[in-house]
Amino acid sequence: MIHAWRFLCTAFALLLNVSGAVASADPETRAAQTIIDRPAAAHGPLPTIIVLHGAGLSGALTRNMMPLPQLAKEAGFVVAFPDAAGLVWNEASLARELPSAFYGPDDVALLDGLIDHLVKGGIADPAAIHLVGISNGGMMAAHYACRRAERLASVMLFKATMPPASDTPCTPTRPLPVMLVAGTEDPVVRWDGSIVLAGAVMLQRRRSIPESFAFWQATNGCTGVAPAEPLPRRGALDAPDVLLHRAEACRHGVATWLYEVRGGGHRLPGGEELSLLRILGRATPDLETSAMILAFARGARTTH
């Protein structure tokens with residue numbers, strides 16, 4: 001089984017190495033290489049969204065997958081799309097299950113350096129930095145929020161769960177607005193917390209999606225959860241639908257939300273139904289990822 005696992009990991013690395021050269025591990029070099037979209041008429045620091053890509057992808061590819069850059073410019077936001085230092089983000093949990101060649105030495109330092117670069121350059125408002133992570137990027141975003149909550153205005157996790165409870169404890173320094181978005185039929189980051197490679201090899205058992213939501217409820221001092229809210233249908237009746245779960249009475253009024261995409265796969269909301277993507281399951285047409293990100297960032301309340 002070990003030989004099969006190593007073979008699959010090697011094949012996975014070759015398959016996912018679609019983004020060309022791996023990013024530098026040096027924080028200053030990485031910050032200079034990051035794609036940054038800024039409104040042309042910007043004067044002074046602006047609220048900023050940092051988007052972390054999925055395993056094996058890149059900031060450039062992720063930028064091209066969504067209309068977020070243009071929508072953000074119109075809304076007065078900066079958006080940054082950094083690259084991981086390896087094929088996966090070193091979020092100190094799933095990375096341990098993979099060969100060390102897959103990840104860089106310290107992606108927390110890389111994100112620290114990027115935020116410093118944006119703030120010192122007068123680009124980002126240090127009180128309005130929102131971190132978005134997709135899949136493995138979501139795991140990294142959660143890891144960074146555990147370590148650096150005081151640097152963030154919100155965190156949004158798409159297709160990602162929190163690490164196992166047996167890992168190093170996650171202890172954010174303050175309540176933080178959190179949005180989780182996950183599909184109940186995701187074949188890669190499964191609802192039960194299993195991380196599965198090629199539909200056959202379980203790389204890690206993490207917290208389930210409900211457990212991840214419960215973790216942030218406890219962290220944010222929430223006292224309960226409102227009744228689930230079905231979102232309006234926009235597509236075919238057999239398409240994945242969405243339930244919004246909102247935690248109640250959280251400290252400092254921070255939003256703590258879970259979008260449950262019923263029947264959804266390892267797909268971003270609003271994604272196209274292309275034949276090539278069917279292996280990853282279905283996307284819901286009832287939401288659009290970029291609009292969700294901007295709406296949550298605009299409404300985020302923190303203790304800054």
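What follows is calculated from the coordinates using simple rules that are stated; it is not laboratory data. Predicted, not measured: the structure shown is a model, and the values here were computed from it. Cβ sites come from the backbone with ideal geometry, for glycine too, and all protein chains shown count toward neighbours.
Of the residues Ile123, Ile129, Ile279, the one with the fewest other Cβ atoms within 10 Å heads the list, and the complete ranking is Ile279, Ile123, Ile129.
Counting other Cβ atoms within 10 Å as a rough exposure proxy, the listed residues Ile195, Ile293 run Ile195, Ile293 from fewest neighbours to most. Extents of segment 58-120, taken as max minus min of Cα coordinates on every principal axis and listed largest first, are 42, 29, 15 Å.
What share of all Cα pairs of the chain, in percent, falls into each consecutive 20 Å distance bin? In order of increasing distance, the bins hold 35, 60, 4 percent. Sites counted here are trypsin sites (Lys or Arg not before Pro) in a DSSP loop (not H, G, I, E or B) having no more than 14 other Cβ atoms within 10 Å; the longest part of the chain that contains none of them is 1-232. Dipole magnitude for segment 32-138: about 240 debye, using +1 per Lys or Arg Cβ and -1 per Asp or Glu Cβ, origin at the Cα centre. Counting only Cβ charges, +1 for Lys and Arg and -1 for Asp and Glu, the dipole size of the chain around its Cα centre is about 180 debye.
Positive end of the dipole of segment 157-216 (Cβ unit charges, origin at the Cα centre): among Ile195, Thr168, Met179, the Cα lying farthest that way belongs to Thr168. With contributions of -39500 (n - 2.57) from each DSSP H run of at least four residues, the per-residue ellipticity at 222 nm computed over the chain stands at -8500 deg cm²/dmol.
Among residues other than Asp192 with Cβ under 12 Å from its Cβ, the summed charge is +1 (Lys and Arg +1, Asp and Glu -1).
Between Met202 and Leu244, the FRET efficiency estimated from the beta carbon spacing at R0 = 25 angstrom works out to 0.25. Here the Karplus relation 6.51 cos²θ - 1.76 cosθ + 1.60, evaluated at θ = phi - 60°, turns the backbone of segment 112-128 into coupling constants of 4, x, 5, 5, 4, 4, 5, 6, 5, x, x, 8, 10, 6, x, 8, 9 Hz, with x for every Gly and Pro.
Residues within the reach of a label modelled at Asp192 (point 7 angstrom out along Cα to beta-carbon, backbone nitrogen below 19 Å), restricted to segment 207-239, are 207-214. Modelled label positions at His252 and Gln70, each set 7 Å beyond Cα in the direction of Cβ, lie 3.6 nm from each other. Just to be sure I understand the curve: with the Debye formula and one point per C-alpha of segment 147-207, what is log10 I(q)/I(0) at q = 0.13, 0.14, 0.25 Å⁻¹? Log-scaled intensity ratios, in q order: -0.42, -0.48, -1.07.
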